[in-house]
Each structure stands twice: as structure tokens, then as C-alpha cells.
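**Q** Quick one: the structure is below, questions incoming.
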Amino acid sequence: MAATGALLVLFVAGHMVGNLQVFLGPEAINRYGHFLQTNLEIIWPVRFGLILLLVLHVWSAARVSRENKAARPVGYLVEPAEPAASYASRTMLMSGLIVAAFIIYHLLHFTVQVQAINLAGKDFLALRDEQGRHDVYAMVILGFQQPLVSGFYIVAIGLLCMHLSHGARAMFQSLGLKTHYWATAVDTSAKIIAWVIFLGYVSIPVAVLCGFGKEGLK
């Protein structure tokens with residue numbers, strides 16, 4: 001679970017960097033999107049690899065959960081006033097399920113581009129820029145102009161980053177890299193990484209809701 005989680009964190013960070021190109025304007029993000037869409041020998045192996053990582057990560061999480069329950073088949077008679085485990089660690093399964101639902105929606109929204117769920121009343125597949133490329137810029141702006149959609153993205157990214165923050169700390173511990181000497185640095189770094197990813201992702205829907213990109217739409 002630690003190894004697959006580490007690879008998924010790297011993907012999430014890289015995906016964020018790619019998405020932030022929307023702030024560079026239509027040319028940058030559309031060129032990036034066109035590169036991905038036209039290099040199938042890159043995009044499909046990455047997609048299959050991500051699916052495999054997600055399956056292995058979920059399977060590992062389920063196995064660890066079963067082992068934890070088996071190790072303590074009977075719960076505490078009295079719950080401690082201040083649980084030693086953090087809220088993030090105690091809600092990993094639930095937040096993980098919500099994040100999984102978000103991933104499915106995100107794929108249907110911006111990858112498969114199902115019109116019925118974008119709430120914009122537009123066919124994202126038909127969007128084209130002046131060079132005939134898929135207009136990713138317009139798609140992102142139109143998609144995030146819907147408050148309900150943006151709100152769902154913000155909440156889901158928040159849960160993802162809470163999941164990531166605890167997971168990163170647990171990952172270092174599972175791999176034997178979180179010693180007593182480095183414990184504070186590891187915990188702090190995990191929180192910083194989670195906050196950077198959260199702010200990076202939510203900056204896009206928040207900016208669009210505040211009017212960014214509206215003037216660039218045809």
C-alpha cells in the first residue's frame with residue numbers, strides 16, 4: 001500500500017502541474033492537451049498503469065483493514081477521550097471511497113466528456129480552438145463555472161489531500177524511513193505537500209468562479 005501510494009502521489013502532483021497551465025492561457029493548456037491526446041503510446045500505458053496502481057492500493061487497504069480487525073476482534077470497552085489516531089487516519093476508508101467516486105466523476109466529466117453531467121449544457125467534445133485542437137481551456141472554464149461542480153471538486157480534493165497527508169506519513173513509516181529523529185520533519189513535510197496539492201488544484205475552480213477566463217470564451 002505504501003509503494004502504490006507513493007506512485008499515486010507522484011501522479012497527482014504531476015497532473016496538478018499540467019492542469020495549472022490553464023493560467024498560462026488557451027495556447028499552453030490546449031497544446032498540452034493535444035500532446036496527450038495524440039500520443040496514444042504514452043497515454044494508454046499510463047492509464048493502464050494508474051488503474052493497476054489504484055486496484056492494488058485499494059486491495060492493500062482492504063487487506064490491512066481486515067488484519068487490523070483480526071488483531072483486535074473486540075473493541076475497546078471505553079473509548080479514549082482523545083484518540084491516539086488522527087481524524088484523517090480514522091476516516092481513511094470513507095474518504096477513500098468518496099475520492100474513488102470523485103475520480104469516476106472526473107473521468108466522465110473531463111476525459112470521457114459526458115454532456116449530461118457537466119451541467120453546462122455544452123458538448124465538450126465539440127469544443128475546438130482556432131487550430132482545430134480540442135479546446136481544453138474552454139472546457140475547463142465552462143466546467144468550473146458551475147458552482148455545484150466546482151463545490152464538489154473542492155470538497156473532494158480536500159478529502160483527497162487529507163487522505164494523502166496521513167498516507168504520506170504512514171508510507172514513510174511502513175517503508176522504515178520514519179525514524180524518531182526524522183518523525184517531526186516527515187509529518188511536517190506530509191502536511192506541506194498535502195496543502196500545496198490542495199491549493200494548486202482548488203485554485204482553478206476558485207479562480208473560474210471568481211471570473212477567470214470568462215472573457216476568453218467565444
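**Q** Rounded to the nearest 0.05, what FRET efficiency do LYS214 and ALA70 give with R0 = 41 Å and r taken as the Cβ-Cβ distance? Could you check?
**A** Plugging the Cβ-Cβ distance into 1/(1 + (r/R0)^6) gives 0.15.
**Q** Let me ask something else. Kindly state, to the nearest 0.05, the FRET efficiency for THR188 paired with PHE11, given R0 = 22 Å and r defined as their beta-carbon distance.
**A** Computed FRET efficiency for THR188 and PHE11 comes out at 0.45.
**Q** Which ordering of MET171, MET16 is given by a fewest-first count of other beta-carbon atoms within 10 Å?
**A** Exposure proxy ranking, most exposed first: MET16, MET171.
**Q** Give me the one-decimal nm value for the distance between modelled label points at ILE42 and TYR105, 7 Å along each residue's Cα-to-Cβ direction.
**A** 3.0 nm
**Q** Give me a comma-separated list of calculated 3J(HN,Hα) values for the stretch 131-148, in order, Karplus coefficients 6.51, -1.76, 1.60 applied at θ = phi - 60°, integers in Hz, x for any Gly or Pro.
**A** Once θ is set to phi - 60°, the couplings for the stretch 131-148 become 9, x, 7, 4, 7, 5, 4, 4, 4, 5, 5, 4, x, 8, 6, 8, x, 5 Hz.
**Q** A follow-up question, please. Kindly provide the GluC sites (Glu not before Pro) of the stretch 20-70 that DSSP labels as loop, not H, G, I, E or B, and whose Cβ sees at most 16 other Cβ atoms within 10 Å.
**A** Counting only loop positions with at most 16 other Cβ atoms within 10 Å, none of the GluC sites (Glu not before Pro) in the stretch 20-70 qualifies.
**Q** Same structure, new question: So for VAL22, VAL114, VAL208, VAL9, fewest C-beta neighbours within 10 Å to most, what's the order?
**A** VAL114, VAL9, VAL208, VAL22
**Q** Could you put LEU125, LEU20 in order, starting from the residue whose Cβ has the fewest other Cβ atoms within 10 Å?
**A** Placing the least packed residue first, the sequence is LEU125, LEU20.
Quick note: the coordinates plus some simple rules give every number you see, no bench work behind them. These figures come from a predicted structure and were not determined experimentally. All Cβ positions, even for glycine, are placed from backbone atoms using ideal geometry, and neighbour counts span all protein chains on display.
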